[in-house]
1. Along segment 160-168, what does the Karplus equation 6.51 cos²θ - 1.76 cosθ + 1.60 (θ = phi - 60°) give for ³J(HN,Hα), rounded to whole Hz, x for Gly and Pro?
2. Return the long-range amide H neighbours of S116 (sequence gap of 5 or more, or a different chain), with a cut-off of under 5 Å between placed amide H atoms.
3. Which ordering of F111, F139 is given by a fewest-first count of other beta-carbon atoms within 10 Å?
4. In terms of the ratio Rg/(2.2 N^0.38 Å) built on C-alpha atoms, what value belongs to segment 106-214?
5. For the residue pair L184 and N97, what label-to-label distance in nm results when each label sits 7 Å from Cα along the Cα-to-beta-carbon direction?
6. Want the number for D173 to Q107: 0.36 nm per residue separation, take away the alpha-carbon distance, what's left?
7. Under a point spin-label approximation (7 Å from Cα along Cα-to-Cβ), what is the D123-N162 distance to one decimal in nm?
8. Using amide H atoms built 1.01 Å from N in the peptide plane, name the residues 5+ places from S91, or on other chains, whose amide H lies under 5 Å from its own.
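Derivation of every value follows stated rules applied to the coordinates shown; laboratory data play no part. Worth saying up front: this structure is predicted, and the values here are computed from it rather than measured. Glycine gets a Cβ as well: all are built from the backbone with ideal geometry, and neighbour counts include every protein chain shown.
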Amino acid sequence: MKAHRPQLQLPRKQNRPRSSPPRELAKAKPIPVHIRRIAVDATVRYVDSKNRKPYNLNLRLTGSDLFTVPAEGQPNSLLVLRGSLANNKDSFVTDLNAILEPLTDPQHPSFNATGSILDIDADFLGDLLKKNEMESRSFSIKPSITSAKGALQGSRIDLVLNDLKIYGADIGDTTLKLPLNGTLQRPSLDITGAIQSLFSEQGMKIGKTLGLRELKKQLGVNTNAAPREALISGLTNNVKEIADSPALQQLIQQVAPGAQSTNAAVTNASVGEAVGNALFEQLGKNVKEIEGNEAVKQSLKSLGNSLFGK
């Protein structure tokens, strides 16, 4: 007889009903709020961590007709921030205005803000100015900011530097236009690009100052007090390229400080024409195809006149 082995029967796997995905929570509808007037007076204490110097700012924030839900016929929502340095009413003068759309999403607001913050101590920009060989008495900030749901569009901040000097050259009051991009949470300013543009625009003033400073070292005299002819003679005798170039000598005659020469050949030529002649002469020495080309010469003269005036 064969023994029968008992067979173990496993319970059949039951098909469990699949759980349905959780339903998305319905977004809560914003509660309609209308704030007719609001005013907040505050003292903001700013501490410069590097110099450990505190600044107290007295500020007043006012708002009118602030909404959380848009509706037809609503007036513009307005925020105004005004104030100044606590111990000096003429410094850090703040006047900012913003027109807002209803705050349906406080994290991503839409608004347009303009205004100014005037007469700020240049020490706030100390490292930036020093690194770029710049000096300023004070500066002001003039923002123009447009936010579309938190995204900055066509925004910029103008940095007005008062009594600016670059490498010792007097530039005067100058505006750095800084494009403002990104978002309110992560804004970005192209400060480096703005400074490079400024150096390019003011290249002639900077070059003239540095050139006179170097010439002072070469001649061993105070060029500010040296007669005009002595200055020009020093350049011509010490720089071979100038000694060999009548056009460069004529250009120096036009731009060198001091009384103009009575020489007719000099006084009849404009600065622009002198620049054009110098460009043509120097290019002619290095580019064979330009030598003797009258059309190119006239074009360079026109370029000089357009840049420096007739």
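1. Result, rounded to whole Hz: 9, 9, 8, 6, 6, 10, 10, 6, x.
2. D95, L96
3. Fewest to most other Cβ atoms nearby, the residues stand as F111, F139.
4. Ratio of Rg to 2.2 N^0.38 Å for segment 106-214: 1.23.
5. 2.0 nm
6. Contour length minus the Cα-Cα distance gives 20.0 nm.
7. 1.6 nm
8. Here L85 satisfy the definition.
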